[in-house]
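The block underneath contains the structure these notes are about, expressed in structure tokens.
The values are calculated or read from the model by the stated rules, or taken from the named source; none is laboratory data. A quick note: this is a predicted structure, and the numbers were derived from the prediction, not measured. Virtual Cβ from ideal backbone geometry, glycine too; neighbours counted across all protein chains shown. Note: areas computed on protein heavy atoms with side chains; ligands, DNA, RNA excluded. Shrake-Rupley method; radii C 1.70, N 1.55, O 1.52, S 1.80 Å.
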Amino acid sequence: MALRVAVIGAGPAGLCAARYLSAEPDRYLPTVYEQTAAVGGTWVYTDRTGTDEHGLPVHSSMYKNLRTNLPKEAMVFPDFPYDSGLPSYMSHKEVLRYLENYAENFGLHKYIQFLTRVDIVKPVHVTPGDMKWQITTFKVTAPESPTTEQYDAVMVCNGGRNSVPFTPAIPGTDQFQGRTLHSHDYRVPEPYTGKNVVIMGGLASGVDISVELAQVAERVVISHSNPPIANIQNLPPNITQATRVESIVGPNTVRFQDGQEFHADDIVFCTGYRLSFPFLTPNCGLTVTKGRAYPLYKHVLNTTYPTMSFVGITSHALTFALFQLQIKFALGVLDGSISLPSKAAMDHEIDQDFRSRLEAGLPPHRAHDVFPLYVSYMTELAMVTRQPDPQGQTAMCDDSISRLYSDPQHFKHAEYKITGQETWERVPHQS
């Protein structure tokens, strides 16, 4: 009998899961739950911030002028290429069109229940030794009428890494009279015209938004704790870098850890996101603490109940190609072609991985990072799933990230060309 599998979310990871589940109708019966009216997840741009028309938190973190910070050649499902006429660094509209084409090409819409929010996921023991997942959902247009179904497996693809903003507590914030905003709610630069702006956070979104704001703002300060090797170079002349914010010491005065102060009209928090799986009940056997979900074997399988998998929880990593490997891993376990070690052995490996990160100086919330120290993770998954290792995509990703820091104003002008199975070249922009 085919296994009933629930997929939570119809963004890139959920669509990929639906594709491979639906390709084996004798083995799997997939149902995809999507709380919005469209496929694409975070790639669906909206001018709205805060809550959507149904009163639910806006999921997307897209801003109006966003272009990808990875080339399309490094954020592609391996056997489903983009239109070759597109530039390497695309707008969010072009990525969304790609995902819509993917869903159309593989006939996925018939498996998706749109405008349906997952409220509760919990394990239930139907008979001794027979565990199911009880999933309660509701239509966002009729939240007072929930529905409950049972499934053999659940794949969590809800973009839980990139939708609930994390804003650090800064002493004195209550006395700041300027505007504060998390990058999740940033849409357009015009409100910052002529302003002095502090950007908190020096990773990709902080750098990208800083460069955009520099076109209209008076001054921009990027406050970060990146190591000197990751200091951002070749910034516009009205952008400076500073140490982390220590406190707000007046209505518009920001003090940095080195004692310097800056008059700020606005603060934009580019400080990342909280892991969020609000539908999981405690008896799912998963804890989320300081940005780490535990215990997840290979960052995918809940070792308490291996029929629960998570796709896309990894960060600073390839996206679409890695999602596909994670899905192949989860399905290999479901169909029995991949054998798992004991729970104790899996948990031991998870603990060793986490300890190695702490010893390398990474904070706990970097527990699921891949770049730059854990690139071998993708090679391991490729070996276990007997899939091609996306080394070419990995190298392009690495190249693009390093260039984001070395030339943030111009790195998106380059074009990447695939020259072989795992080889590529970067073609500089010809002005």
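Computed quantities for the displayed model
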item: Coil-residue trypsin sites (Lys or Arg not before Pro) of segment 345-431, DSSP, other Cβ within 10 Å capped at 13; result: 386
item: Convex hull projection area averaged over all views, segment 85-170, Cα basis, nm²; result: 10.9 nm²
item: Between 0 and 90°, nearest 10: helix 391-406 axis offset from the chain longest Cα axis; result: 20 degrees
item: Whole-angstrom Cα spans of segment 1-156 along principal axes, big to small; result: 55, 37, 22
item: Candidates 30, 341, 143: whichever shows maximal mean-square fluctuation once the chain is modelled as a Gaussian network with Cα springs under 10 Å; result: 341
item: Cut-off 19 Å (backbone N to label point 7 Å along Cα→Cβ of residue 127), residues of segment 1-28; result: 1-4
item: Sequence of 253, 193 when ordered by accessible area, the most exposed leading, probe 1.4 angstrom; result: 193, 253
item: Accessible area, probe 1.4 Å, largest first, for residues 334, 318, 373; result: 373, 334, 318
item: Between helix 320-335 and the chain: long-axis angle, C-alpha atoms, 0 to 90°, nearest 10; result: 20 degrees
item: Segment 309-383: GluC sites (Glu not before Pro) falling in loop per DSSP and having at most 16 other Cβ within 10 Å; result: none
item: Sum of -39500 (n - 2.57) over DSSP H runs of 4+, divided by residues of the chain (222 nm, nearest 500); result: -7000 deg cm²/dmol
item: Listed residues 319, 307, 287, most fluctuating in the chain (Gaussian network, C-alpha, under 10 Å); result: 287
item: Accessible area, probe 1.4 Å, largest first, for residues 110, 195, 72; result: 110, 195, 72
item: Global geometry of segment 274-392, whether rounded, prolate or oblate, following the gyration tensor of its Cα atoms and the 1.5 cut on a/c; result: rounded
item: Mean separation of Cα contacts under 8 Å (6+ apart) over length of the chain, as relative contact order %; result: 17 percent
item: Residues of segment 157-200 with amide N under 14 Å of a point placed 7 Å along Cα→Cβ from residue 288; result: 157-167
item: GNM result for the chain, Cα springs below 10 Å: residue of 113, 352, 215 fluctuating most strongly; result: 352
item: Trypsin sites (Lys or Arg not before Pro) within segment 248-314: DSSP coil, no more than 16 neighbouring Cβ in 10 Å; result: 290
item: Shape call, segment 331-411: gyration tensor on alpha carbons, a/c limit 1.5; result: oblate
item: Kirkwood hydrodynamic radius over Cα pairs of the chain, then Stokes diffusion coefficient at 4 °C and 1.567 mPa s, in µm²/s; result: 57 µm²/s
item: Degrees separating the helix 204-213 axis from the principal Cα axis of the chain, which is the longest one; result: 40 degrees
